[in-house]
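Everything on this sheet refers to the single structure shown next.
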Amino acid sequence: MALIVQKYGGTSVANPERIKSLAARVARYKALGHQIVVVVSAMSGETNRLISLAKEIMPDPDPRELDVMVSTGEQVTIGMTALALMELGIKAKSYTGTQVKILTDNAHTKARILSIDEHNIKQDLDDGYVVVVAGFQGVDANGNITTLGRGGSDTTGVALAAALKADECQIYTDVDGVYTTDPRVVPEARRLNKITFEEMLELASQGSKVLQIRSVEFAGKYKVKLRVLSSFEEEGDGTLITFEEENTMEQPVISGIAFNRDEAKITVLGVPDKPGIAYQILGPIAEANVDVDMIIQNTGADGTTDFTFTVHKNEMNKALSILRDKVQGHIGAREISGDDKIAKVSIVGVGMRSHVGIASQMFRTLAEEGINIQMISTSEIKIAVVVDEKYLELAVRVLHKAFELEAA
Ligand code: ADP
Ligand code: ASP
Ligand code: MG
């Protein structure tokens, strides 16, 4: 007997039929004697619909009230899932994040899980119930409903698996595993039987939406056995996220390509080149809770420096007004501008550690297509570039080919 957490994403609970099919899978696992916790997302499209409704009332919605609204999507699907299980004669009980007590900080719309009270769930499992938990939501210390950021049900699933010391966390979605890149962009992309935790972390952080990054962080921290599978297929082992690195001789140099259309670039030109400048520019941005990703500083011969960084597109205007109101006059920057027509493409692979020339191969491949690189950042197992948004898909396709990632 094993304890398994199964998380089902939006397309896997998109309508009553999909929910019945989910319930049938759970019934099969239950019949084998396993204890099952199900985590569900809202029906596909529902979270977007709720956000649009909020914006029709208030263009930049109050985060606390937005969380009250968007968390309702998952409250509907937990009830439906419990009903579908009951219809199959299975004892089932649903829980919202607040009912479980998935305690988070109070950063509405991007809250972090602090702790999970697993006692009631454990008791229910021991009493023979399938427990159905709402993904994406939690509660802060003052009882406010919070949400965990888009794609956050993955994180609920893995965090619950960690808290319950589950044997495995299965992420059911609309693809049958993790691919070399998004198969919707490159149809030749290949499913990976396994991927190392480190690579999955990089891919997720560089924008592969198949797993939310925080779910991968949890899996790493608590050594959760994590697998990505299709809810549309009965068979198949999906992709296992492993903690061991393969023999590097056989390991391909590049395992996958990720991309991100959600970032915007902010450029601060003609800043005096002196100590403390980076802090004066980025300090107020951090204080406003705006996350910064890539950062580049370039010093010219004339004693001034240009500073470029990226933030989430949704936060570009906020960052620009902070800089213009609080920073520009103060540091004497010549010009501050924003560009949200950019995209980031990243190649990822642990094999990079033992191979040279990967960056030049990437830059040559892009140059041959006339794609200009605007920013570059690297880590031990990743090279990321920012390009004009209109070249994104072309860049992903040519890199996928150049690094021989297609199906054999
Ligand atoms: P869910 O609603 O089940 O959470 P998501 O839409 O969040 O599903 O994630 C699954 C999607 O992730 C796939 O449909 C696919 O388009 C996309 N995706 C992006 N990169 C990859 C990748 N490397 N491998 C597989 N899927 C990927
Ligand atoms: N329903 C939420 C979203 O659309 C959470 C999730 O699907 O994981 O982002
Ligand atoms: Mg998702």
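The values are calculated or read from the model by the stated rules, or taken from the named source; none is laboratory data. The shown structure was predicted, so the numbers you read here are calculated from the model rather than taken from an experiment. No Cβ is skipped: glycine too gets one built from the backbone with ideal geometry, and neighbour counts run over all protein chains shown.
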Of the numbered conditions (1) assigned to a helix (DSSP H, G or I); (2) surrounded by fewer than 22 Cβ atoms within 10 Å (Cβ to Cβ), Thr77 satisfies every one except a single condition; which is it?
(2)
Among the residues of segment 12-40, what is the count of those that are among the hydroxyl-bearing types (Ser, Thr, Tyr) and out of contact with any strand residue (DSSP E or B) (no Cβ under 7 Å at 6 or more places or on another chain)?
1
Selection within segment 170-216 - among the hydrophobic types (A, V, I, L, M, F, W, C) and farther than 17 Å from Val396 by Cβ:
Ile171, Ile195, Phe197, Met200, Leu201, Leu211, Ile213, Val216
Of the residues in segment 178-190 that are more than 14 Å from ligand 3 (Cβ to nearest atom) and not β-branched (Val, Ile, Thr), the one that is surrounded by the most Cβ atoms within 10 Å (Cβ to Cβ) is Tyr179
Regarding Glu198, is this residue of a type in the set (D, E, K, R), more than 8 Å from ligand 1 (Cβ to nearest atom), over 17 Å from Val345 (Cα atoms) and not in a helix (DSSP H, G or I)?
no
Would you mind telling me which numbered condition in (1) closer than 25 Å to Glu168 by Cβ; (2) under 25 Å from the mean Cα position of the chain (by Cα); (3) at pLDDT below 95 Asp60 fails?
(1)
Select from segment 41-74 the residues that are hydrophobic (A, V, I, L, M, F, W, C) and either assigned to a loop (DSSP other than H, G, I, E, B) or more than 16 Å from ligand 1 (Cβ to nearest atom) (or both) and list them in ascending order.
Ala42, Met43, Leu53, Ala54, Ile57, Met58, Leu66, Val68, Met69
If you go through segment 32-40 one residue at a time, do you hit one that is outside any helix (DSSP H, G or I), within 15 Å of ligand 3 (Cβ to nearest atom) and buried (at least 16 other Cβ atoms within 10 Å of the Cβ)?
yes
For segment 366-380, check the following and say yes or no: at least one residue is surrounded by 17 or more Cβ atoms within 10 Å (Cβ to Cβ) and without any contact (Cβ under 8 Å) to a residue 40 or more places away in the chain.
yes
For Met58, state whether it is over 15 Å from Gly135 (Cβ atoms), aliphatic (A, V, I, L, M), surrounded by fewer than 17 Cβ atoms within 10 Å (Cβ to Cβ) and free of Cβ contacts under 8 Å to residues at least 40 places away in the same chain.
yes
Consider segment 61-107. How many of its residues are touching a helix residue (DSSP H, G or I) at 6+ places or on another chain (Cβ under 9 Å) and of a type in the set (Asp, Glu)?
4
Tell me which residues, restricted to segment 162-219, are within 16 Å of ligand 2 (Cβ to nearest atom), over 14 Å from Gly238 (Cβ atoms) and among the hydroxyl-bearing types (Ser, Thr, Tyr).
Ser208, Ser215
So Leu201 ticks every box in (1) without any contact (Cβ under 8 Å) to a residue 60 or more places away in the chain; (2) within 15 Å of ligand 3 (Cβ to nearest atom); (3) under 14 Å from Thr155 (Cα atoms) but one. Which box is left unticked?
(2)
